[in-house]
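*Asks:* Got a structure for you, written out below as structure tokens; questions coming shortly.
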Amino acid sequence: MTRNSVKTPLGLLTVALLMAAGASASTLQLTDRQMVDASDLVIVGECLEMKSEWVGRNLMTRYTFKVDEVWAGQAAGLVEVVVPGGADANRKFPVATVWPGAPIFSPNERALLMLDQLPLLYEGAYSVVGFNQGRFTVAIGPLTAAKSSASTSGPALQRRESDVLSKLHARFDDLIAAKGAR
Amino acid sequence: MKNLLRLSLCTIAVLAALTLPLGASGNLETYNISAFQPGPFPGTVLAPLVDIKWDSRCISVPYAVNDFLDPIPNVLGGPPLDLAEAEDALQEAFDVWNDIPTSFIDMQIVRNITNPNPRSFDMVNELTFVTPPGFPAIASSPSTSLIADSFFVDGDDIDGDGDSDVSSSLTTCADADGDGDIEFPEGFYPAGTILDNDVQFSATTFVFTLGDAALDTNPSSLDLVTVAVHEFGHSHGVAHTAINQISDMEGRGSAMFPTIDTSDPVDQINGRSLHIDDIAYSSLYYPEGISDDPEHPGWVEPGDIAFEDVFTTIKGSVTDPFGSVMIGGSAFAENATTREVAVSAVTARGQLGFDLFTGSPFLLPLADSFVDDQYLIPVPKGKRYFVGVEALDSEPVGGNQVNFTGIIGSLYGLQIFDEEYWAGPRESFSDSFTGPRYKLNVNRPRTGIDIVLEFNGAITPSGAVDAFAFAPLGGYLAVRIPISEIEAFDFGSGVRIQGMTFPTTSFDASSVPAFEAAYLAVGVDNGDGTASIDLKVPFREEAPFIGQPSDQGPVHFASSANLGRQALGKVKRRGQDFFLVLKAGPNPLPGVSAFPPAVGVDVIDATAGEINFGRSFISTDGGVTFNTLSSFNLPFRLIVAPIL
């Protein structure tokens, strides 16, 4: 926490904008500002599909997101996000590689994503900033018609999505604007 | 696909005996597609989740240290780290787990390898300081495991490198052919069996230090043993836990709590050793005394203690007030004598859909998203416990940080309830917010400890916590709760005023967020930007008040129905409102930074349409004058429930 805190006198309180309580044993815990600064692209998108694949002798998962909103950077149409870990059932001995704390998206998941362009192996693809920290689930859509129900769709869900997005706008808009101004 | 079908048919008889769920707890999970039960779409199957762990034939687990980087560079410009010293530290971290007398896990560094490349699935368990470009972590411990029950026969190539990974001449995992990778003995291995674990440490971003003298507050340097102890927990399947504060007097948490405060030397020292939560899970999954065979690692040797001599289990379900299973919460057992949190467990055992062609998991309808509604908490026996449940709501830990079952609960938005305790025979959706807590004697396995979440709600004039703030020393923070908002919970039989919560944190992970007092008081909003609050005779007072780090710290009210009945009428008659008040005092247990504990605030961003509710106040003159806060809403919460 001490590493990342931004302490600004504001009236009678001293505020440390939501900062890390330390470093995760797996990942460096990032402040909102650090996440924004580390992002090449910030979008709201819906996960359309996912596929595990071998990259050399490592299992990775490639997610395809439909871009609904671009908050920072440039993107249109579809964006690919690659995450370490995955599964392969089409081999003699089906296996999965699990990375503790790595993001796993669900098809139809709508999320705000802070993305970092991946070097080398994945031209045009992105990783999530801070492992899983740059992922903010907004909603999970229905998977099948049978599953579509009051709990996962309809006005209540739309309100919830709207609320979540409003809060995310409030949290990140200034930081994104400040980054753009730099 | 063809292979998979063959495999499933071969093993179907074994499945019936081996896949009985044991209840969810604190292990990393993977999919089990063995049963080949069709999923909701063509080409998909149901994939109940199973724990990942080493087969007993692979224990002791052999590891190789990659010596490609020797010495290990120092990115801060200081002296590099000698690999031999690092290797000693890594074995020391392994031994922290190996030395648990009730667990037969054993992980040993047996040799070195020279590998310029990052880790891969190669049947070599590697400890390496080589990481790929853009590596996002301090360290990681990925494991590749089976996702279907499998029978290995002599000559099978498990990792697909063209080299045999199975030998009929072996009874334990070993490098039988001397080519550097590990061969497995012939035989049956269930889904979840770990085949390969590697631990990577990022020397390109961090400096790993050794010994107390090297500990500092530089966030880019951290103790290697501390990091390794945590990662090696993952190496044998132990998941993250939500325990970050053992008690009101003890700020340390479990070694498997997801974060380490790199600026807090005490937190790093704490992380070198295990909490009972860590010990319990390693022991539950690798229990000493499980075998009478002296060749089995679970045979009790001198120095070992049988798991059953020390531990037993608490088992039950958690459901919401409407009877739906709570997937991915965190049940916990708290020592009723010491009030220390002992062990926590993920609630229910999840199930996902799995696309056989893309290797992708997906969420199933909620009703199909679990295969077992039970949690299972291993606890030291012969003690009395309070049993409770808290949400894995990212305060302080989210379900997506724990395991796949946690991810299901998180994605479905189930983790939105307040921490509460099991009330024994009186447990119901309307027992009380947190009690009465029931002391459970645990000398033997206890089952049926079924928690029903309260039918209640929180009143707060604020959004979510998005920053933390220090209150001035001796200052008061207050939030007005209008009587009308409480009355809205009255369905005709009255209201319970069950408790209040305050979002708190401590600047140093090893210290507890201690405040001078918390009050439920009454007062009036004067309508001129000030409030008058009676702190001399509060309805309820807790002094000192110990919060929870990065979480909502609760204050529980006894006689909640009486409080609702008597206080509500009295306050209403006087034309007053309730106020939730927090008093900041000197921190009795300061950490290395000496900063006071902090309070969560909702920063008002007018450009985003956020409004100042005008219900959050501050006093810096001893509580005489309360002024409206202009930039913040305070997310203090009053917990109320209808009497049903």
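*Asks:* Are any residues in the stretch B:571-614 at pLDDT below 85, open to solvent by 70 Å² or more (accessible area, probe 1.4 Å) and away from chain A (no Cβ under 14 Å), and if so, which ones?
*Replies:* Passing the criteria: B:Pro586, B:Pro588.
*Asks:* Out of the strands (runs of 3 or more DSSP E) lying entirely within the stretch B:531-644, which hold 2 or more residues that are among the hydrophobic types (A, V, I, L, M, F, W, C), under 30 Å from B:Tyr438 (Cβ atoms) and in contact with a Lys or Arg (Cβ under 8 Å, 6 or more places away or on another chain)?
*Replies:* B:577-583, B:637-642
*Asks:* Do we have B:Asp355 as closer than 24 Å to B:Met256 by Cβ and of a type in the set (Asp, Glu) here?
*Replies:* No.
*Asks:* Being out of contact with any helix residue (DSSP H, G or I) (no Cβ under 7 Å at 6 or more places or on another chain) and under 17 Å from B:Tyr285 (Cβ atoms) is the filter; apply it to the stretch B:295-308 and report the residue that is least open to solvent (accessible area, probe 1.4 Å).
*Replies:* B:Ala306
*Asks:* Count, please, the residues in the stretch B:454-482 that happen to be closer than 17 Å to B:Ser630 by Cβ and aliphatic (A, V, I, L, M).
*Replies:* 6
*Asks:* Can you say whether B:Ala367 is within 27 Å of B:Ala255 (Cβ to Cβ) and either free of Cβ contacts under 8 Å to residues at least 40 places away in the same chain or away from chain A (no Cβ under 14 Å) (or both), as far as the supplied structure shows?
*Replies:* Judged against the criteria, B:Ala367 is not a match.
*Asks:* Looking at this structure, is B:Thr313 farther than 24 Å from A:Pro103 by Cα, open to solvent by 10 Å² or more (accessible area, probe 1.4 Å) and in a loop (DSSP other than H, G, I, E, B)?
*Replies:* Against the criterion (farther than 24 Å from A:Pro103 by Cα, open to solvent by 10 Å² or more (accessible area, probe 1.4 Å) and in a loop (DSSP other than H, G, I, E, B)), B:Thr313 does not qualify.
*Asks:* Sticking with this one: Does the stretch B:377-389 contain at least one residue that is in a loop (DSSP other than H, G, I, E, B) and either more than 19 Å from B:Asp277 (Cβ to Cβ) or hydrophobic (A, V, I, L, M, F, W, C) (or both)?
*Replies:* No.
*Asks:* Here is a list of conditions, (1) in a helix (DSSP H, G or I); (2) small (Gly, Ala, Ser); (3) open to solvent by 20 Å² or more (accessible area, probe 1.4 Å), and B:Ala280 meets all of them except one; can you say which number that is?
*Replies:* (3)
*Asks:* Those residues that are assigned to a helix (DSSP H, G or I) and of a type in the set (Gly, Ala, Ser), I need them from the stretch B:45-92; list them, please.
*Replies:* Residues satisfying the conditions are B:Ser56, B:Ala84, B:Ala86, B:Ala89.
*Asks:* Given the criterion free of Cβ contacts under 8 Å to residues at least 60 places away in the same chain and under 17 Å from B:Phe468 (Cα atoms), identify the matching residue among B:Asp605, B:Asp551, B:Asp621, B:Asp534.
*Replies:* Result of the check over B:Asp605, B:Asp551, B:Asp621, B:Asp534: B:Asp605.
*Asks:* Output the number of residues of the stretch A:57-83 satisfying the condition of being in contact with a Lys or Arg (Cβ under 8 Å, 6 or more places away or on another chain), open to solvent by 30 Å² or more (accessible area, probe 1.4 Å) and within 15 Å of A:Ser127 (Cα to Cα).
*Replies:* So the answer is 3.
*Asks:* Return the residues of the stretch B:378-412 that are touching a helix residue (DSSP H, G or I) at 6+ places or on another chain (Cβ under 8 Å) and away from every other protein chain (no Cβ under 14 Å); say none if nothing qualifies.
*Replies:* Within the stretch B:378-412, B:Pro378, B:Val379, B:Pro380, B:Lys381 qualify.
*Asks:* Given the residues B:Gly388, B:Gly353, B:Gly359, B:Gly399, which is the only one that is on the phi > 0 side of the Ramachandran plot and either open to solvent by less than 10 Å² (accessible area, probe 1.4 Å) or not charged (D, E, K, R) (or both)?
*Replies:* B:Gly359
*Asks:* Would you point out the residue of the stretch A:89-115, among those that are farther than 25 Å from B:Asp198 by Cα and either charged (D, E, K, R) or within 13 Å of the chain's Cα centre (by Cα) (or both), that is modelled with the lowest pLDDT?
*Replies:* Within the stretch A:89-115, the match that is modelled with the lowest pLDDT is A:Ser106.
*Asks:* Here's another thing I want to ask about it. Can you pull out every residue in the stretch B:475-499 that is out of contact with any His (no Cβ under 9 Å at 6 or more places or on another chain), open to solvent by less than 30 Å² (accessible area, probe 1.4 Å) and more than 12 Å from chain A (Cβ to nearest Cβ)?
*Replies:* Residues satisfying the conditions are B:Ala478, B:Val479, B:Ile481, B:Pro482, B:Ile483, B:Ile486, B:Gly494, B:Val495, B:Ile497.
*Asks:* Would the stretch B:164-174 turn up any residue that is within 14 Å of chain A (Cβ to nearest Cβ) and without any contact (Cβ under 8 Å) to a residue 24 or more places away in the chain?
*Replies:* yes
*Asks:* What's the number of the only condition in (1) open to solvent by less than 60 Å² (accessible area, probe 1.4 Å); (2) within 22 Å of the chain's Cα centre (by Cα) that B:Arg446 fails to meet?
*Replies:* That leaves (2) as the condition not met.
*Asks:* Here is a follow-up. Report yes if some residue within the stretch A:99-116 is acidic (Asp, Glu), assigned to a strand (DSSP E or B), open to solvent by 10 Å² or more (accessible area, probe 1.4 Å) and within 17 Å of A:Ala38 (Cα to Cα); otherwise report no.
*Replies:* yes
*Asks:* Can you tell me which residue is nearest to the chain's Cα centre (by Cα) among those in the stretch B:316-346 that are acidic (Asp, Glu) and surrounded by fewer than 19 Cβ atoms within 10 Å (Cβ to Cβ)?
*Replies:* B:Glu340
*Asks:* Any residue in the stretch B:309-325 that's farther than 14 Å from B:Glu454 by Cα: show its pairings with residues that are part of a loop (DSSP other than H, G, I, E, B) and aromatic (Phe, Trp, Tyr) at Cβ separation under 9 Å, as long as the two are six or more apart or on different chains.
*Replies:* Filtered contacts from the stretch B:309-325: B:Gly316/B:Trp422.
*Asks:* Is there a residue in the stretch A:136-150 that is surrounded by fewer than 19 Cβ atoms within 10 Å (Cβ to Cβ), facing chain B (nearest Cβ under 9 Å), at pLDDT below 80 and in contact with a Gly (Cβ under 9 Å, 6 or more places away or on another chain)?
*Replies:* Within the stretch A:136-150, not a single residue is surrounded by fewer than 19 Cβ atoms within 10 Å (Cβ to Cβ), facing chain B (nearest Cβ under 9 Å), at pLDDT below 80 and in contact with a Gly (Cβ under 9 Å, 6 or more places away or on another chain).
*Asks:* Give the stretch B:97-134 a look and list any residue that's among the hydroxyl-bearing types (Ser, Thr, Tyr) and either in a loop (DSSP other than H, G, I, E, B) or closer than 23 Å to A:Thr97 by Cα (or both), or say none.
*Replies:* Residues satisfying the conditions are B:Thr102, B:Thr114, B:Ser120, B:Thr128, B:Thr131.
*Asks:* Check off (1) under 24 Å from the mean Cα position of the chain (by Cα); (2) away from every other protein chain (no Cβ under 14 Å) for B:Phe507 and give me the number that stays unchecked.
*Replies:* Tallying (1) under 24 Å from the mean Cα position of the chain (by Cα); (2) away from every other protein chain (no Cβ under 14 Å), B:Phe507 fails exactly one: (2).
*Asks:* From B:Gly77, B:Gly134, B:Gly43, grab the single residue that is open to solvent by 50 Å² or more (accessible area, probe 1.4 Å), within 14 Å of chain A (Cβ to nearest Cβ) and small (Gly, Ala, Ser).
*Replies:* B:Gly134
*Asks:* All but one of (1) open to solvent by 30 Å² or more (accessible area, probe 1.4 Å); (2) over 29 Å from B:Phe417 (Cα atoms); (3) over 32 Å from the mean Cα position of the chain (by Cα) hold for B:Ile533; state the number of the condition that does not hold.
*Replies:* (1)
Here's the yes/no breakdown for (1) within 11 Å of chain B (Cβ to nearest Cβ); (2) farther than 23 Å from A:Asp40 by Cβ; (3) not aromatic (Phe, Trp, Tyr):
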| position | (1), (2), (3) |
| --- | --- |
| A:Trp71 | no, no, no |
| A:Leu78 | no, no, yes |
| A:Asn90 | yes, yes, yes |
| A:Pro94 | yes, yes, yes |
| A:Trp99 | yes, no, no |
| A:Ile104 | yes, no, yes |
| A:Leu112 | no, no, yes |
| A:Gln117 | yes, no, yes |
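The values are calculated or read from the model by the stated rules, or taken from the named source; none is laboratory data. A quick note: this is a predicted structure, and the numbers were derived from the prediction, not measured. We place every Cβ from the backbone using ideal geometry, glycine too, and count neighbours over all the protein chains shown. Surface accessibility is based on the protein's heavy atoms, side chains included, excluding ligands, DNA and RNA. Shrake-Rupley method; radii C 1.70, N 1.55, O 1.52, S 1.80 Å.
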